[in-house]
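Supplied in structure tokens, the structure appears directly below.
Read the figures in this text as sums done on the coordinates, not as results from a lab. Fair warning: this is a prediction, and the values are worked out from it, not measured in the lab. Neighbour counts are summed over all protein chains in view; Cβ atoms, including those assigned to glycine, are modelled from backbone coordinates with ideal geometry.
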Amino acid sequence: MILERFYDEDLAQASYLIGSEKTGEAIVVDPRRDVHVYLEAAKAKKLTIVAVTDTHIHADYLSGARELASAAGADLYLSAEGGPEWTYRFDHLPLHDGDVIEVGDVTLTALHTPGHTPEHVSFLVAEGDPGRPAYLLSGDFVFAGDVGRPDLLDEAAGYQGTKYEGARQLRQSLKRLLAEVPEHVAVWPGHGAGSACGKQLAGVPCSTLGYERLTAWWSGLLDDEEAFTRELLTGQPDAPSYFGRMKRVNRDGPPVLGQRPPLPRLASADLAGRVNRDLVLIDTRPLAEQRRGAVPGSLSVPGGGSFATYAAYAIDPDTEKRPLVLLARDQAHAERLRERLTYVGIDDVMGFVTELDGLPTRPVPLLTPAEAKARAGELAFLDVRTAQEHATGAAPGAVNIHAGQVLRRIAEVPKGRELVVYCHGGGRAAVVASLLRSRGFGDVVELSDSEGAWQA
């Protein structure tokens, strides 16, 4: 058996290629939309992708399962266990609890493991005898050190009260898992540390069921529903607003992009007078470079490890119909950034520029923490950290809105005074501050060095 893990640091997300050495067939589980990575890996290993599946309807990224199935000519298997509201609404082969996907001499047995989501399935992977599994592809059910949060339908998709039923289902799924699956089975989850799909995910790629039974916080609480639910729901990270859009699109069917033509390189002078009027310029330069001079009305989304996530904080393709232009280093950089935008369903990129010649630029307005503290009485503060970070200490009178929720809650942003936007390291604040400026907020400044500025 061949098992290859693909991990994206931006999303803290893992997908898997499982192959049969005997027949040369393979399946991919939980793919992203940059599907060429799986096709290339399969080709290198002399495998043919014959099947694709998702463990559940994802909230944090747009699934590439439909895209990959189309590109590979593969069968698409998806859970049919979610009830009417959480049934996939595009063509697929339905999966029920106990169903087996055969890939040569490798089998994936579907286990309905609701809790994180109603339709969630995990896969017991075996070579030869399905009754002797070696791996559990657990999706967002069991992580290393944690379990998938059950409150995202409430927090991001607009539902109310589903988290308690989700917690009940999750506890039952865990009890079933411990009763039916051998402890030696290796657990390969869908996320690692940094994901918002849980609160204390470990930074290791895998674990074993036996180790999680011994060490995970939940293992000693399965016989106490009230204590389990309370601990599970307490302290979960803030959910970005775009998670709701991801849930809906993943259920209804992500568009199949197919082979797209190369991005055209545009002349920066041709953008004069158009930025923030009939196009959106995404400035992907490092933050320090942007601060020396940025185009008024452009969006600051540095092209580092959180690029896709931060872009989704500032752009909602459901309402933003203007085309996007990337400020990138070169063609290859622009193509990679466009690809990463597809992770969060931002697909309408018109082209790219490599410089700002012919465009007006202004230094980003900054205050030092000392200056901000000295003028605290005359300033308004917007803290775009998580609620947990905010609780460690905040500027006087600061309004706390997670960076990923500002776009939806923009009416709550303070007006009438010079506004200081801050986070921990400056990246999230830059995204939000540029968003606010593009929406007509005047006198928006950032802290030149926000790290630790307001901690107790």
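What residues from segment 281-316 fall in the zone where the backbone N is under 13 Å from a label point 7 Å along the Cα-to-C-beta line of R362?
Under 13 Å, as judged by backbone N against the label point of R362, lie 293-298 of segment 281-316.
Treating the beta-carbon of each Lys and Arg as +1 and of each Asp and Glu as -1, no other charges, what is the dipole magnitude of segment 268-353 about its Cα centre, to the nearest 20 debye?
Numbers: 11 positive and 12 negative charges, 64 e Å.
Value, rounded to 20: 300 debye.
Given the -39500 (n - 2.57) contribution per DSSP H run of 4+ residues, what per-residue ellipticity at 222 nm results for the chain, rounded to the nearest 500 deg cm²/dmol? Please report the intermediate quantities before stating the final value.
Working: 13 runs with 115 residues, N = 456.
My calculation for the chain gives -7000 deg cm²/dmol from helical runs alone.
List the extent of the Cα atoms of segment 2-252 along each of their three principal axes, largest first, rounded to whole Å.
49, 37, 32
Within segment 288-314, name every residue whose backbone N is under 15 Å away from a label modeled 7 Å from Cα of D330 along the Cβ vector.
Hits in segment 288-314 for D330 at 15 Å: none.
Mind checking the angle between helix 427-438 and the chain's longest principal axis? C-alpha axes, 0 to 90 degrees, to the nearest 10.
60
Simple spin-label model, 7 Å along Cα-to-Cβ: K321 to R439 in nm?
For the pair K321/R439, the computed spacing is 2.0 nm.
Given just the C-alpha atoms of the chain, how large is their convex hull per residue in cubic angstrom?
Details: hull volume 63.0 nm³, N = 456.
For the chain, the hull spanned by Cα atoms encloses 138 Å³ per residue.
Output the pairs from K175/K247; K175/K199; K199/K247 with a Cα-Cα distance over 25 Å in this structure; if there are none, say none. Write down the numbers at each step before the final one.
Working: K175/K247 27 Å; K175/K199 21 Å; K199/K247 20 Å.
From K175/K247; K175/K199; K199/K247, over 25 Å: K175/K247.
How do the peptides 294-302, 114-122 rank, highest first, by the average count of neighbouring beta carbon atoms within 10 Å per residue?
Details: 294-302: 22.4, 114-122: 26.7.
With the highest mean Cβ count within 10 Å placed first, the list reads 114-122, 294-302.
Turning to a different aspect of this structure: Could you calculate the FRET efficiency of A179 with Y159 from 1/(1 + (r/R0)^6), where r is the beta carbon distance between them and R0 is 35 Å, rounded to 0.05?
Numbers: r = 30 Å, r/R0 = 0.85.
So the FRET efficiency works out to roughly 0.75.
How far apart, in nm, are two points set 7 Å out from the Cα along the Cα-to-Cβ line at H36 and at E451?
Output for this residue pair reads 3.5 nm.
Magnitude of the Cβ-charge dipole of the chain, K/R +1 and D/E -1, about the Cα centre, nearest 20 debye?
Values: 47 positive and 63 negative charges, 277 e Å.
About 1340 debye.
Here's another thing I want to ask about it. Using a Förster distance of 35 angstrom, determine the FRET efficiency expected from the C-beta separation of E225 and A193, and round it to 0.05. Mind dumping the intermediate values first?
Numbers: r = 28 Å, r/R0 = 0.79.
Efficiency at R0 = 35 Å is approximately 0.80.
Find, among the chymotrypsin sites (Phe, Trp or Tyr not before Pro) in segment 7-87, those assigned to loop by DSSP (not H, G, I, E, B) with at most 15 other beta-carbon atoms within 10 angstrom.
Numbers: sites: Y7, Y16, Y38, Y61, Y77, W86; in loops: Y61.
When the chymotrypsin sites (Phe, Trp or Tyr not before Pro) of segment 7-87 are filtered for loop state and at most 15 Cβ neighbours within 10 Å, nothing remains.
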